[in-house]
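Quick one: the structure is below, questions incoming.
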Amino acid sequence: MESDRRSFIKYVVTGSIAAACPVDLALLAAPAKAVPNVGGEHNEICHQVRDGHHFLSPQTSTRHDVVIVGGGMSGLSAAWFLRDMDFLLIEKEEHCGGNAFLEEYQGQAYATGAAYETNESSAWGLCKELNIRPLPISDPDGLIVNGEFVPHAWRSGLERLPYKASVLESFKKFKQDMLKVDLTKRATELDALPLSSLLEGYAPELKEWWDAYGPSNWGAVSEDTSAFTALDDFQDFANEDNKDDRVTFPGGLGAISRKLAEQLKATSADRLLEAATTVAVEPNQDSVTVTYVHDGQVKAVRAKAVIMATPKYITRRLVSGLPDAQSAAMAKMRYAPYAVVNVIFAEPVFNAGYDTWCPGNSFSDVIVADWVIRNEPGYKQKNNILTFYTPLREADRAKLLTEAGCRNIASNVLRDWQKLLPAANAEPLEVHIYRRGHPMFMSTPLTYTQVIPAARRPAGRIFFANTDAAGPVSTTAGGIDSARRSVEEMKRMLAGH
């Protein structure tokens, strides 16, 4: 598309740049400034938390068995597991769902984050409990390079990759070498190494591929990626003997968080508190006080226990009295900024593969939103919605702060898509940009084997969930697993064990 045509495209910018940030009441009362509306996020507030500002707690108004801080997949799962207890879930955004939040355009679902799981994961089990069934993807990932789409790139498509012979041989040798690595015996060793050390001696195009794949899946390029994390994933998706067991819903895994929220609200609507920002979590001898802001008022509740289903970068700023070693472990965790750009076309543009990798571009990969229902009897694609996953470097986080910055990211995606696949040069109806400042912990060396275990230890009456309490990468199943673990730890504590 030409730049002048892009100026007529409708851009919709949503999402939170910094989740779970405390609110300064003085800011709530401050006069409005003439700035673009970028989702209602007050970044000054987040900076106060970062800088250690302390918020005084009022007298507690209610008591609960447990307070859950954070309403993403992990927090919602914890509430589901505790639905027979007296819980209170506090979520900063106006809706629950976190990284697994589902959006729609004219009735068509599309993802703003979490894309898929496997049929052997805890997500599959939770779906059974909720009486919803994800559908099989049955399409190993493809690749677009040099203007050519190659399906099943690391499997049957490897021989057809449009690289020169020497590069293709390098890809094939890497696959042969890495599938021989015994991860069980070498897990600790490999988790201490960066992936880049294993890429030495191979073609640079291989590193370019990993530097697209890694940021999309675990937030890090090869220099910052744990070699164990990369190979653990690679041995699964590159091995022809492994069936593609991935499953999803139209528009991704937001269908799970939506169903969880619906079920919980049907029976416990008064115990799901949305648009409420937690500002402090303070342990006492026999309880924990949680202070939050809701409807412009500072309130406090007391609970026998608290589950922190929030990223560790904010958890350590909210929870008082953390052991020094645990706080230091949380401080070591790094988080990648991320934009998900959904481009809505009125005509078919690309339906060749479910998840297609596009190394060397402003986005990493593109997913066809309705892939799993495309062959359903009677289904006709109304709009071709393509979900472009667009992870950013940590240094580029500020680009998500303004509407102009987000529009520029989306424009770059459209530009690169046209260059990559000129035949797909169609003008979109709309472009929806969902931005998050710290959604995904980065799977850096030693994060999985050393940092996460130290960061998630129960601290008295406070327990730690969220995907960054599981690993090795940020997944929906990891959020569910960490919720179940923290619930079990909490119940043991309350039982006196």
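How are the alpha carbon pair distances in the stretch 178-248 distributed across 10 Å bins from zero to the largest one, expressed in percent?
Spelled out bin by bin, the stretch 178-248 gives 19, 51, 28, 2 percent.
Could you give the distance between the Cα centres of the stretch 469-497 and the stretch 66-87, to the whole Å?
One Cα centre to the other: 11 Å.
Would you mind checking the tilt of helix 254-268 against the longest principal axis of the Cα atoms of the chain, expressed as 0 to 90 degrees and rounded to 10?
Helix 254-268 sits at roughly 20 degrees to that axis.
From the backbone phi of the stretch 331-348, what are the Karplus-calculated ³J(HN,Hα) couplings (6.51 cos²θ - 1.76 cosθ + 1.60, θ = phi - 60°) in whole Hz, Gly and Pro given as x?
My calculation for the stretch 331-348 gives 5, 6, 6, 10, 10, 8, x, 8, 10, 10, 10, 9, 10, 9, 10, 7, 10, x Hz in order.
May I ask you to work out the translational diffusion coefficient for the stretch 286-355 at 10 °C, viscosity 1.306 mPa s, via Stokes-Einstein with Rh from the Kirkwood sum over Cα pairs, reported in whole µm²/s? Let's see the in-between values first.
Numbers: Rh = 16.6 Å.
Reported coefficient: 96 µm²/s.
Taking a temperature of 25 °C and a viscosity of 0.890 mPa s, what whole-number D in µm²/s does Stokes-Einstein yield for the stretch 342-497 with Rh from Kirkwood over alpha carbon pairs?
Details: Rh = 18.6 Å.
So the translational diffusion coefficient is about 132 µm²/s.
Which value results for Rg/Rh of the chain when Rg is the Cα radius of gyration and Rh the Kirkwood radius based on the inverse mean 1/r? If you can, show how the numbers build up before the last one.
Working: Rg = 22.6 Å, Rh = 23.4 Å.
Ratio value, two decimals: 0.96.
Separate question: At a Cα cut-off below 25 Å, give the lysines reachable from K243, other chains included and same-chain residues fewer than 8 away excluded.
K128, K172, K173, K175, K180, K185
In square angstrom, what is the accessible area per residue of the stretch 407-497 with a 1.4 angstrom probe? Don't skip to the answer; put the middle values down first.
Numbers: 3370 Å² over 91 residues.
Accessible area per residue: 37 Å².
With every protein chain left in place, what is the accessible area of K128 in Å² (1.4 Å probe, nearest 10)?
Number for this one is 140 Å².
A further question on this structure: What is the distance in Å between the Cα centroid of the stretch 167-211 and that of the stretch 283-324?
42 Å
Give the long-range amide H neighbours of I385: residues separated by 5 or more places, or on another chain, with amide H under 5 Å away, using H modelled in the peptide plane at 1.01 Å from N.
Answer set, sorted by chain and number: F345, A369, D370.
Which ³J(HN,Hα) values, rounded to whole Hz and listed in residue order, are derived for the stretch 480-494 from phi using the Karplus coefficients 6.51, -1.76 and 1.60 in 6.51 cos²θ - 1.76 cosθ + 1.60 with θ = phi - 60°, glycine and proline given as x?
Along the stretch 480-494, the couplings run 5, 4, 5, 5, 5, 4, 5, 5, 5, 4, 5, 5, 5, 5, 5 Hz.
How many nm is it between the label spots at A423 and S268, if each spot is 7 Å from the Cα in line with the beta carbon?
5.2 nm
Name the longest site-free stretch of the chain, where the excluded sites are GluC sites (Glu not before Pro) in a DSSP loop with no more than 14 other beta-carbon atoms within 10 Å.
Values: sites that count: E2, E94, E120, E200, E240.
Longest stretch, sites excluded: 241-497.
Moving to a separate point now. What do you get when you divide the Cα radius of gyration of the stretch 204-336 by 2.2 N^0.38 Å, with N the number of residues? Present the calculation step by step, with values, prior to reporting the outcome.
Values: Rg = 20.5 Å, N = 133, 2.2 N^0.38 = 14.1 Å.
Normalised Cα radius of gyration, the stretch 204-336: 1.45.
A further question follows. Enumerate the amide H contacts of V279 below 5 Å, restricted to partners 5 or more residues apart or on another chain; note that Pro and chain-start residues carry no placed amide H.
HN-HN under 5 Å from V279: T291, Y292, V293.
Taking 0.36 nm per intervening residue step and subtracting the Cα-Cα distance, what contour gain separates E240 from A346 on full extension? Intermediate results must be reported in sequence, preceding the final value.
On the way: separation 106, 0.36 × 106 = 38.16 nm, distance 3.60 nm.
Contour length minus the Cα-Cα distance gives 34.6 nm.
In 5 Å bins starting at zero, report the fraction of Cα pairs in the stretch 269-421 per bin as a rounded %.
2, 7, 12, 13, 11, 11, 11, 11, 10, 7, 4, 1, 0
The values are calculated or read from the model by the stated rules, or taken from the named source; none is laboratory data. Predicted model only: the values in this text are computed from it and were never measured. Counting neighbours? That spans all protein chains shown, and the Cβs are built from the backbone with ideal geometry, glycine included. Please note that ligands, DNA and RNA were not included when accessible areas were found on the heavy atoms of the full protein model with its side chains. Shrake-Rupley method; radii C 1.70, N 1.55, O 1.52, S 1.80 Å.
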